[in-house]
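Enquirer: Take this structure, written in structure tokens, and hold onto it; I'll ask about it next.
The values are calculated or read from the model by the stated rules, or taken from the named source; none is laboratory data. As the structure is a prediction and not an experimental result, all values here were calculated from the model. A quick note on method: Cβ atoms are made from the backbone with ideal geometry, for glycine too, and the neighbour counts reach across all protein chains shown. Side chains are part of the model used for accessible areas, which takes the heavy atoms of the whole protein and leaves out ligands, DNA and RNA. Shrake-Rupley method; radii C 1.70, N 1.55, O 1.52, S 1.80 Å.
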Amino acid sequence: MSKRIALVTGGIGGIGSCICRQLAADGFTVVANYIAAEEAKAQAWLAVERAAGRDIHIAAGDVSNFDSCTAMINKIKAEIGIVSVLVNNAGITRDGVFKKMPVENWMNVLNINLNSVFNVTRQIVDDMLAQGWGRVINMSSVTAQKGQFGQTNYAAAKAGMHGFTKSLAQETASKGITVNSISPGYIGTEMVMAIKEEVREQIVSTIPVGRLGKPEEIAKLVSYLASDDAAYITGSNIAINGGLHMF
Ligand code: CAA
């Protein structure tokens, strides 16, 4: 069997990079999506991955823009092949209390974190249905489950992913496609390190495991959900948060 192709949106970031490396180690041909404004960073990132011998490619595309995603997916199809595993991982935060939130911080977070899931998945699902196998893995957040002071925009977007996941899972289950979400807690990436230190320390003090999570721990879960072994898990949300939120 030829190698399956995995696309990871936001693939050159903190969690995305680890997912790309893990999926490459699992035997996938991996495509890491990035935003064109980060061209130099993406090229440098790719050079490191290639030097390590990984079967990884990069693809520019703005996940908040449907037409940009169409162009990106067409290019991937022409140059690499059909995507079998899609990890909707791209995301941003624009934290702030709701009463002070400017409309652009609401729109940008909804567009990049949630509308992106439509923009990319919509272009890939037909190919998954046609080949009778596919994995869609949506990177949500503990914030979707418990809410978070200063994150009305992010929580709304990440919670929206859960409804999307369960609905698309029902529409595709009989065709060999699984659709699941992962809800990480606080993982030691730039996104979390950008929180003011005293606020971050206060949050970490409430995590029962007593530390931030590691991106590698998220990547291992993605690896499992992407595998043939996970064929019976669909429409699920899997929490990985050090006990921060139990339900
Ligand atoms: N609950 C209740 N009240 C709180 C609070 C909380 N958790 N945090 C702060 N407050 C109160 C403060 O005590 C303060 O009260 P007073 O006005 O009476 O003094 C008021 O709210 C304003 O607080 P700040 O001074 O902190 O307000 P700010 O505007 O400087 O900062 C904020 C607001 C940027 C949202 C800041 O609170 C913050 O960074 N919070 C953390 C947000 C967070 O968890 N982000 C996660 C990013 S990583 C991620 O999202 C990944 C993932 O999936 C988990």
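Enquirer: Residue 100 is checked against (1) more than 23 Å from residue 236 (Cα to Cα); (2) open to solvent by 40 Å² or more (accessible area, probe 1.4 Å); (3) away from the ligand (no atom under 16 Å from the Cβ); (4) not β-branched (Val, Ile, Thr) and fails just one. What number does that condition carry?
Expert: Here residue 100 clears every test but (3).
Enquirer: Give segment 84-96 a look and list any residue that's surrounded by fewer than 24 Cβ atoms within 10 Å (Cβ to Cβ) and away from the ligand (no atom under 11 Å from the Cβ), or say none.
Expert: Within segment 84-96, just 84 meets the criteria.
Enquirer: Considering each of 170, 123, 131, 145 in turn, give the residue that is more than 9 Å from the ligand (Cβ to nearest atom), of a type in the set (S, T, N, Q) and touching a Cys at 6+ places or on another chain (Cβ under 8 Å).
Expert: Testing whether each residue is more than 9 Å from the ligand (Cβ to nearest atom), of a type in the set (S, T, N, Q) and touching a Cys at 6+ places or on another chain (Cβ under 8 Å) leaves just 123.
Enquirer: A further question follows. Based on this model, can you work out whether residue 37 counts as free of Cβ contacts under 8 Å to residues at least 12 places away in the same chain, open to solvent by 50 Å² or more (accessible area, probe 1.4 Å) and closer than 15 Å to residue 90 by Cα?
Expert: When the stated conditions are applied, residue 37 passes them.
Enquirer: Restricting attention to helices (runs of 4 or more DSSP H) lying wholly within segment 182-247, give those where 1 or more residues are among the small types (Gly, Ala, Ser).
Expert: Filter on segment 182-247 gives 215-226.
Enquirer: Give the residue, chosen from 233, 203, 240, that is in contact with a Phe, Trp or Tyr (Cβ under 7 Å, 6 or more places away or on another chain) and at negative phi.
Expert: 203
Enquirer: If you don't mind, another one. Quick check on my filter: what residues within segment 185-212 are in contact with a Gly (Cβ under 8 Å, 6 or more places away or on another chain) and either open to solvent by 20 Å² or more (accessible area, probe 1.4 Å) or of a type in the set (S, T, N, Q) (or both)?
Expert: Within segment 185-212, 186, 188, 189, 190, 191, 204, 208, 209, 210, 211, 212 meet the criteria.
Enquirer: Shifting gears a bit: Is one or more of the residues making up segment 202-209 among the hydroxyl-bearing types (Ser, Thr, Tyr), more than 21 Å from residue 83 (Cα to Cα), more than 8 Å from the ligand (Cβ to nearest atom) and without any contact (Cβ under 8 Å) to a residue 40 or more places away in the chain?
Expert: Among the residues of segment 202-209, at least one is among the hydroxyl-bearing types (Ser, Thr, Tyr), more than 21 Å from residue 83 (Cα to Cα), more than 8 Å from the ligand (Cβ to nearest atom) and without any contact (Cβ under 8 Å) to a residue 40 or more places away in the chain, which makes the answer yes.
Enquirer: Can you say whether residue 3 is in a loop (DSSP other than H, G, I, E, B), touching a residue at least 12 places away in the same chain (Cβ under 8 Å), among the basic types (Lys, Arg) and open to solvent by 60 Å² or more (accessible area, probe 1.4 Å), as far as the supplied structure shows?
Expert: Yes.
Enquirer: Here's a follow-up. Does residue 54 satisfy being within 19 Å of the chain's Cα centre (by Cα), open to solvent by 30 Å² or more (accessible area, probe 1.4 Å) and touching a residue at least 24 places away in the same chain (Cβ under 8 Å)?
Expert: Criteria not met by residue 54.
Enquirer: Still on this model: Suppose the filter is at positive phi, touching a residue at least 12 places away in the same chain (Cβ under 8 Å) and open to solvent by less than 40 Å² (accessible area, probe 1.4 Å); does residue 132 pass it?
Expert: Criteria met by residue 132.
Enquirer: Within segment 147-184, track down each residue that is open to solvent by 50 Å² or more (accessible area, probe 1.4 Å) and of a type in the set (Gly, Ala, Ser).
Expert: Passing the criteria: 167, 173, 174.
Enquirer: So which pairs qualify, if the first residue must be in segment 172-191 and at pLDDT 95 or above, the second must be among the charged types (D, E, K, R), the Cβ gap must be under 6 Å, and the two must be at least 6 apart or on different chains?
Expert: Listed by first residue and then by second, the contacts come to 178/135.
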